[in-house]
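Colleague: Input: one structure, supplied below.
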Amino acid sequence: MSNNLVSLNQKFSIFECYESKVRSYCRDFPVKIHRAKGSVIHSVENHSYVDFFSGAGALNYGHNCEPLKKKLMAYLDDDGVTHSLDFYTEAKEDFIKTFQDKILKPRSMRYKVQFTGPTGTNAVEAALKLARKVTKRTNVIAFSNAFHGMSLGSLAATTNPKKRQGAGVSLGGVTFMPYERYLGEHYDSLDFIDRMLKPGGGIEAPAAFLIETIQGEGGLRCVSANWLQRLQALAREHGALLIIDDIQSGCGRSGRFFSFEEMDVTPDIVCMSKSLSGYGLPFSMNLINPDYDIWEPGEHNGTFRGNNLAFVTAKAAVEEFWSEPAFEQALQQKIGYLHVRLEALAERTREFVPEAQFLGRGFMCGISVGREEIASKISQAAFSAGLIVETCGVHGQVVKLLPSLTIELDILAQGLDILEAAFDQVVGFNSYYEEKTA
């Protein structure tokens, strides 16, 4: 065992001895975090890291966002109720009213809200159950490279082989179809799906189509507005519901509050979680077409669906960031800056990695470098230089950026400088020259 590995094992001995081997992120980023503010994380050794990970998209407004923190502390100081199942509370009432007035009504959206269990997979599970109850069908159509969660129902709609293997049982009730451009730029996957759903195609009529408009774990592929509109029409034709999983791509991550805004679609169910609380507090909910809210009381529940601390910070996030257009305007400017730099980096990288390409939308984007080995080395080189950035894709081939929406431009630029240096170190001119002269 190398001296570095021995020292790491000693440094994290409590975790090594007593925490399950299932842990993952800490293996890629072996640092003990002490504190964090905004888009910067500090270790116990007082090393600083620019955060392009944002809690896997659960911290869209950064760490310890001050306006949210103040509201949360005031609520706790007043002995506000923290846990309430689905009792009526002021915190829940305030959130529902604010969300309706500031998010749904300005977008001409008409939805009931269902508070599910605390995580994204709970929201997906509830959506699948409701779609099957509404349509009295069992089959759900999901898409290639999809990721919808780790509990059995949502895992059945997830394609990653390693994740599915962990289930230990057969995963059924889902038919996978090709995502837009999965079979090539000129292949019409929706025409294929339509043909397969006709008599003789052999596929049961679906209860729902379940889709991510931006595939977070699946490699940052996106659907176009036209394709999504056609999918909605196909769902209507076949009597199926359209469920959009906006768990990672929602709450502003795409550049708009919902990832499907300006796409002229009206999903029947929208699954939300991740940054819904705005503070990293567990909180998930589904937006449901009122015509399909046919649940019986208690038919779907969860002990922690009444997280009032999350209601407080979620309301504060909507009021602070989504009540005036200035926030979205500033966000669009930062998105433009980020995309210009990433597209230039991808173009430069193609000199050494021909398959390199920019992928994604908004502040949910990155660069595919073709192979897991390369992406992982870039992530590790960036981490060594003070940047936390993850990888994604079925083969781990994409360097994925999830900066906070509130990141200061100078910190965004600093992180991108580190990322560019990591690319140059692993696949750029310096690496190429070293290989040729070795």
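The values are calculated or read from the model by the stated rules, or taken from the named source; none is laboratory data. Just so we're clear, the structure is a prediction, and the values are computed from it rather than from any experiment. Note that each Cβ is placed from the backbone with ideal geometry, even for glycine, and that neighbours are counted across all protein chains shown. Calculation scope for accessible area: heavy atoms of the full protein, side chains included, ligands and nucleic acids excluded. Shrake-Rupley method; radii C 1.70, N 1.55, O 1.52, S 1.80 Å.
Colleague: If we sort 90-103, 275-288, 326-339 on the protection proxy, mean other Cβ atoms within 10 Å, highest first, what's the order?
Modeller: Final packing ranking: 275-288, 90-103, 326-339.
Colleague: May I have the convex hull volume per residue, in Å³, for the Cα set of the stretch 369-423?
Modeller: It is 65 Å³ per residue.
Colleague: Taking a probe of 1.4 Å, how large is the accessible area per residue of the stretch 333-374, in Å²?
Modeller: Per residue, the stretch 333-374 has an accessible area of 47 Å².
Colleague: Could you order peptides 155-165, 125-135, 12-22 by the average number of other Cβ atoms within 10 Å of their residues, highest first?
Modeller: 125-135, 155-165, 12-22
Colleague: What are the ³J(HN,Hα) values, in whole Hz, obtained from phi via the Karplus relation 6.51 cos²θ - 1.76 cosθ + 1.60 with θ = phi - 60°, for each residue of the stretch 56-69 in sequence order, with x given for Gly and Pro?
Modeller: Each residue's phi maps through the Karplus curve to give 6, x, 8, 10, 4, 10, x, 7, 6, 4, 4, x, 6, 4 Hz.
Colleague: How would the stretch 145-187 be classified by its alpha-carbon gyration tensor: rounded, prolate or oblate, with rounded meaning a/c under 1.5 and the a/b versus b/c comparison settling the rest?
Modeller: Taking the square roots of the gyration eigenvalues as a ≥ b ≥ c, the stretch 145-187 is prolate.
Colleague: In addition: Defining a contact as two alpha carbons under 8 Å apart and six or more residues distant in sequence, what relative contact order in percent does the stretch 330-374 show?
Modeller: 29
Colleague: About the Cα centre of the chain, what is the dipole size in debye to 20, counting +1 per Lys and Arg Cβ and -1 per Asp and Glu Cβ, all else neutral?
Modeller: The calculation lands at about 760 debye.
Colleague: Using only the Cα atoms of the stretch 100-230, build the gyration tensor, take square roots of its eigenvalues as a ≥ b ≥ c, and label the shape rounded, prolate or oblate: rounded if a/c is under 1.5, else prolate if a/b is larger than b/c, else oblate.
Modeller: rounded
Colleague: Quick one: which residues, 5 or more positions from Ala208 or on another chain, have an amide H under 5 Å from its amide H? H modelled 1.01 Å from N in the peptide plane, none for Pro or chain starts.
Modeller: Ile141, Leu241
Colleague: So in the chain, what percent of DSSP beta bridges are antiparallel if you round to the nearest 5?
Modeller: Roughly 65 percent of the DSSP beta bridges within the chain come out antiparallel.
Colleague: From the phi of every residue in the stretch 190-195, what ³J(HN,Hα) in whole Hz does the Karplus formula 6.51 cos²θ - 1.76 cosθ + 1.60 yield, where θ is phi - 60° and glycine or proline is x?
Modeller: Values, residue by residue: 5, 5, 4, 4, 4, 5 Hz.
Colleague: I would also like to ask the following. How high is the relative contact order of the chain? Use alpha-carbon pairs under 8 Å, at least six apart in sequence, and give a whole percent.
Modeller: So the answer I get is 22 percent.
Colleague: Could you tell me which of rounded, prolate or oblate describes the chain, using a ≥ b ≥ c as the square roots of the eigenvalues of the alpha-carbon gyration tensor, with rounded for a/c under 1.5 and, failing that, prolate when a/b is larger than b/c and oblate otherwise?
Modeller: Judged from the Cα gyration tensor, the chain comes out oblate (a/c at least 1.5, b/c at or above a/b).
Colleague: Which value at 222 nm does the chain reach when only helices count, each DSSP H run of 4 or more adding -39,500 (n - 2.57), with the total divided by all residues and rounded to the nearest 500 deg cm²/dmol?
Modeller: -12000 deg cm²/dmol
Colleague: Provide the gained length on full extension for the span Thr266 to Arg110, in nm with one decimal, where the gain is 0.36 nm per separating residue minus the Cα-Cα distance.
Modeller: Extra length from Thr266 to Arg110 when fully extended: 55.2 nm.
Colleague: Karplus couplings for the stretch 235-242 from phi (6.51 cos²θ - 1.76 cosθ + 1.60, θ = phi - 60°), rounded to Hz, Gly and Pro as x?
Modeller: 4, 4, 4, 9, x, 10, 8, 9
Colleague: Tally Lys and Arg at +1 and Asp and Glu at -1 over the other residues with C-beta under 13 Å from the C-beta of Cys365: what net charge comes out?
Modeller: +4
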